[in-house]
Structures are given as structure tokens and as C-alpha cells.
Amino acid sequence: MPAETLDFKGNTIHPTAIIHPSLKIGTGNFIGAFSIIEENVTLGDNNYIGPYCIIGDIGESIKFFDKERKGVIIGNNNRFTKQITIDGGTVEPTRIHNETLWLKNAHGGHDCIVHNNVQVRANVIVGGHVTVLEGVKIYLGAIIHQRLTVPQNCIIGMGAIVIKKTILVERGVYVGNPAKLLKISE
């Protein structure tokens with residue numbers, strides 16, 4: 001273990017990370033430099049949280065700024081590379097299940113639910129109360145409007161803007177602004 005990291009209950013935490021004392025944490029996790037873990041966060045096992053990530057900050061919803069934070073629940077084997085933000089829930093906890101990949105500057109909005117094996121690429125915005133089902137891939141710079149459900153194995157293409165009126169189907173490949181169905185993937 002490098003000298004600049006701390007071993008805390010079987011987890012590697014950079015000394016510049018700011019961890020709220022209410023954190024419930026499993027084992028085998030890595031929390032990188034200058035990351036912030038806010039209150040009411042649960043972190044499973046074997047997650048990687050890279051530098052400058054913020055997990056559990058107050059949701060970006062004006063009517064909830066003064067309310068109790070519902071937190072974030074993160075499962076196992078997730079990878080948050082760097083500068084990822086996952087907002088805490090406003091009604092229920094924000095939930096990130098297992099085996100997800102989040103690349104630089106991606107954002108998970110308050111109360112979102114992201115299921116297993118989802119890839120969220122760089123500069124993606126997943127709005128509040130969005131449910132992303134298993135196997136979805138969201139590519140560079142895409143935006144998903146709040147309160148939508150992204151069906152299993154969808155692909156949201158680079159720069160696609162999924163608006164409220166977009167009808168999403170399982171295994172659909174979506175591109176453009178507003179996003180339109182390009183094809184059904186195999």
C-alpha cells in the first residue's frame with residue numbers, strides 16, 4: 001500500500017478524502033484523493049471511487065435544499081473514475097447497484113436508480129428520479145431527462161438528449177437531439 005493512503009477496516013482511503021462519520025462501508029473499497037462522501041451513504045464491497053468524486057451531496061432540487069438527505073446506497077464492484085457526482089436522494093436513497101462503470105464528470109441525479117452492469121461514460125447527466133435498467137450503455141455527453149426509465153440493454157448514443165416525450169424500448173439504440181430510435185440492437 002502506498003504511503004499516502006490509509007487502511008481503514010480493509011479499505012484504502014486517501015488522507016485528503018473527506019468522509020462523513022455516518023458512512024457504512026464494506027471492505028476492499030478505494031476512495032481517492034480529495035473525494036467527498038457525505039452523510040447517509042452506504043458503500044458495499046470492492047468499489048473504486050477515484051479522485052475528486054462527490055457522493056451523497058444534496059440533490060439538485062430547490063424544494064429539498066432544507067430537507068433531510070435520504071443518502072446514497074452503492075452496491076459492489078462499481079467504478080467511479082474521477083470527478084463523478086452522485087446526488088443524495090430527496091424522497092428515497094439514490095441507488096447504484098453492482099458492476100457499474102462511471103467515467104469522468106458523469107452525474108447521477110437525486111433519487112436515481114441505476115441497476116447492474118450499466119456504463120455511464122464521460123460528461124453524461126442522468127436526471128433526478130431516473131431509473132436505468134440492467135445492461136444500459138450511455139455514451140459521451142448524453143443527457144437523460146428526469147423521471148424517465150431507460151429499459152434494459154438500451155444504448156444512448158454520444159451527445160443524445162433523451163427528452164420527456166422520448167419513448168424508449170428495450171435494446172433500442174438512440175441518437176440525436178432530441179433522441180430518436182436508430183435501430184434495435186442484437
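The values are calculated or read from the model by the stated rules, or taken from the named source; none is laboratory data. Note that the structure is a prediction, hence the values are computed from the model and not measured. As a convention, Cβ positions derive from the backbone with ideal geometry for all residues, glycine included, and neighbour counts pool all protein chains shown.
Side notes on the structure shown:
- Scanning the stretch 161-177 for residues that are surrounded by fewer than 19 Cβ atoms within 10 Å (Cβ to Cβ), on the phi < 0 side of the Ramachandran plot and in a loop (DSSP other than H, G, I, E, B) yields 163, 164, 165, 167, 168, 169, 170, 177.
- Filtered residues of the stretch 85-123 (kept if more than 21 Å from residue 159 (Cα to Cα) and of a type in the set (Ser, Thr, Tyr)): 90, 94
- Pairing residues of the stretch 122-133 that are in contact (Cβ under 8 Å) with a residue 40 or more places away in the chain with residues that are surrounded by 19 or more Cβ atoms within 10 Å (Cβ to Cβ), at Cβ distances under 7 Å and at least 6 apart in sequence or on separate chains, gives 128/59; 128/109; 128/110; 128/111; 128/112.
- Inter-residue pairs, beta-carbon under 8 Å, first under 20 Å from residue 165 (Cα atoms) and without any contact (Cβ under 8 Å) to a residue 24 or more places away in the chain and in the stretch 134-146, second β-branched (Val, Ile, Thr) and surrounded by fewer than 17 Cβ atoms within 10 Å (Cβ to Cβ), 6+ apart: 145/163
- Top-ranked residue of the stretch 72-107 - restricted to ones that are among the polar types (S, T, N, Q) and touching a His at 6+ places or on another chain (Cβ under 9 Å), ranked as nearest to residue 123 (Cα to Cα): 85
- If the condition is being surrounded by 17 or more Cβ atoms within 10 Å (Cβ to Cβ) and either β-branched (Val, Ile, Thr) or more than 16 Å from residue 102 (Cα to Cα) (or both), then the stretch 25-35 contributes 25, 26, 31.
- Filtering the stretch 127-160 to residues that are under 25 Å from residue 93 (Cα atoms) and outside any loop (DSSP other than H, G, I, E, B) leaves 131, 132, 137, 138, 143, 144, 149, 150, 156.
- Candidate set from the stretch 44-61 (those that are out of contact with any helix residue (DSSP H, G or I) (no Cβ under 9 Å at 6 or more places or on another chain) and at pLDDT below 95); member that is surrounded by the most Cβ atoms within 10 Å (Cβ to Cβ): 59
- Restricting the stretch 66-125 to residues that are part of a strand (DSSP E or B) and in contact with a Cys (Cβ under 6 Å, 6 or more places away or on another chain), the residue that is farthest from residue 144 (Cα to Cα) is 80.
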